[in-house]
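Notes follow the structure.
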Amino acid sequence: MSRDPATRSRAYFAGGWHALDRTFPVFHPGNGQLIGEVADCSAGDARQAIDAAERALRSWRRVNGYERGRVLRRWFELMLAHQEPLARLMTLEMGKPITETRGEVHYAASFIEWCAEEAGRIAGERVNLRFPHKRGLTVQEPVGIVYAVTPWNFPAGMITRKAAPALAAGCVMILKPAELSPMTALYLAELWLEAGGPPDTFQVLPTNDAPAFSQPLMADERVRKLTFTGSTEVGRLLYGQAARTIKRVSLELGGHAPVLVFDDADLEGAAREVIASKFRNAGQTCVCTNRVYVQRGVTEAFTRLLTEKTAALTVGDPLLDGTQVGPVVEQAGLDKIQAQVQDALARGARATTGGQATGGLYFQPTVLTDVHPDSVILREETFGPVAPVVVFDTEEEGLALANASEFGLAAYAYTRDLGRAFRVAEGLEYGIVGLNDGLPSANAPHIPFGGMKNSGVGREGGHWGLDEYLETKFISLSLV
Ligand code: SIN
């Protein structure tokens, strides 16, 4: 099939690429310029997609797992072959620096590679029964039609982390990509079809009216699973809607990651890792460090290191190779960052570097000290390049501060004391813990990614992620 960039302004559903009368614009956060207009799908289009998915499921679920794996393998190879245009498109859509989007293509493709290898290994078990004349076994079957809703901060990675296990398991997917980054999703659909993915196994329908579009999908009994990555607020709403038809759910929601830097830490290494965790994607990941708790004995030395390294970051045009921090994605995000920083400053905090918006959607990489405990930035996710530093005295106090959050996605700790490392990792109420490691999910499609408390339900990645798309059926056979 042709690689016609026009497909990236259409929607793919019900067996074809649809150019719709209703469209919505997509802008480049780096300079505000229009990149293109994209099809704005309606509830009616969603209904057509469900009917098409039902037909596609009938045959895809029966395709041998090894064959499904072969199609996924070709999808993986095509993604790598398209690394540069995919990376550039992501940077244009949502402003992530090009070196990071190149890395994201690899990260996103690695979920497909892992699932391609695993598809043929999906199997059941023999179960011993208490009656000599009976035999028992389990088989693994696809959950069915999956509705996926994905965010803009990883326009490719958060799609393949869902689509690859779903398709490997024999499910079919209807994807609503984020309004801010729909073209990357359409590009992935194009590559899936080119890889030999059967029509309607992976349908991509952009929309600018998510509530109206989602309504038929959430209400339809045939849609058996919802997988969502996004805010806790929207996740809660969808969770409630999913209850009506008892859909399986996977929710990857907000985070507010704390980091604990102990007196015995390698301060240089800790500062390097905190920078990597805090400022990647301009602070716009769910696992970005949000609160920096530093033990009193090293507060001054660590803050100095953190400030120097933060001030040395190269901020600029995300399409340039040397850029480390680009713009944030939209005005609402920038407004939130500014409001949190203003609130902290008004309560007595000091900016040791940064602290200002600098035009367009840019905010300086910032370190705040003397942050008052009541500051909003210590309670709410920032999704921006700001590191608030708070002092603590004892291990117990540090843990209590780190756990004082409704969220439980990722947390980090820096220490050279092995006993403390384990005590702290076990005491943190978080789904992911990085010990002396600011990027625990880097290059790792096979680890369980997900949160506790209001950060979500279920895990993505590895066999945990694949299980989310499989039903276990028990079969009992009597020989008499
Ligand atoms: C996220 O922000 O949810 C994804 C981050 C990652 O996969 O490392």
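The values are calculated or read from the model by the stated rules, or taken from the named source; none is laboratory data. Bear in mind that the values here come from a model prediction, so they are computed numbers and not experimental data. Quick reminder, even Gly has a Cβ in these numbers, built from the backbone with ideal geometry, and neighbours come from all protein chains shown. With ligands, DNA and RNA removed, areas are computed over all heavy atoms of the protein, side chains included. Shrake-Rupley method; radii C 1.70, N 1.55, O 1.52, S 1.80 Å.
Quick look at the numbers
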quantity: Modelled label reach - residue 314, point 7 Å along Cα→Cβ, the range 260-283 residues with backbone N closer than 13 Å; calculated: none
quantity: Unit charges on C-beta of K, R, D, E only; dipole of the chain, Debye; calculated: 1700 debye
quantity: Within the chain, helix-based [θ] at 222 nm, where runs of 4 or more DSSP H residues each add -39,500 (n - 2.57), nearest 500; calculated: -12000 deg cm²/dmol
quantity: Cβ-derived FRET efficiency at R0 60 Å, residue 321 paired with residue 472, nearest 0.05; calculated: 0.80
quantity: Listed residues 434, 279, 402: farthest to the positive end of the dipole of the range 257-449 (Cβ charges); calculated: 279
quantity: Along each principal axis, Cα extent of the range 251-329, largest first, Å; calculated: 40, 35, 14
quantity: On Cα atoms only, tilt of 418-427 relative to the major axis of the chain in degrees; calculated: 60 degrees
quantity: With DNA, RNA and ligands ignored, accessible area of residue 452 (1.4 Å probe; Å², nearest 10); calculated: 80 Å²
quantity: Kirkwood Rh in Å, taken over the range 226-377 so that all alpha-carbon pairs contribute; calculated: 17.2 Å
quantity: Zero-based 10 Å bins, Cα pair distances in the range 40-165, whole percents; calculated: 11, 30, 30, 19, 6, 3, 1
quantity: Probe 1.4 Å, all protein chains present, accessible-area order of 159, 246, largest first; calculated: 246, 159
quantity: Positive-end extreme of charge dipole, the range 1-129 - chosen from 29, 14, 123 (charges on Cβ); calculated: 123
quantity: Hull volume in cubic angstrom per residue (convex hull over the Cα atoms of the range 383-422); calculated: 107 Å³
quantity: Label-point separation, residue 374 to residue 59 (7 Å along Cα→Cβ), nm; calculated: 6.5 nm
quantity: The range 191-291: trypsin sites (Lys or Arg not before Pro) in DSSP coil with no more than 13 other Cβ atoms inside 10 Å; calculated: 222
quantity: Spread of Cα-to-Cα distances over 20 Å intervals beginning at zero, given as percent, for the chain; calculated: 24, 53, 21, 2, 0
quantity: Rounded to 10°, Cα long-axis angle of helix 267-279 versus longest principal axis of the chain; calculated: 50 degrees
quantity: Percentage relative contact order, the range 257-449, counting C-alpha pairs under 8 Å, at least six apart; calculated: 27 percent
quantity: Pair residue 37, residue 443: separation of 7 Å Cα→Cβ label points (nm); calculated: 4.4 nm
quantity: Label point distance in nm, residue 24-residue 127, each placed 7 Å from Cα along Cα→Cβ; calculated: 4.5 nm
quantity: Area of residue 463 that stays accessible when all protein chains are in place (1.4 Å probe, Å², to 10); calculated: 90 Å²
quantity: Check: the range 257-449 dipole with +1 on Lys, Arg Cβ and -1 on Asp, Glu Cβ, in debye; calculated: 300 debye
quantity: Accessible surface, 1.4 Å probe, highest first, among residues 70, 61; calculated: 70, 61
quantity: Residue among 415, 385, 445 farthest towards the positive dipole end of the range 257-449, charges placed on Cβ; calculated: 385
quantity: Distribution of pairwise C-alpha distances over the range 325-480, 10 Å bins, in %; calculated: 9, 28, 32, 19, 6, 3, 2, 1, 0
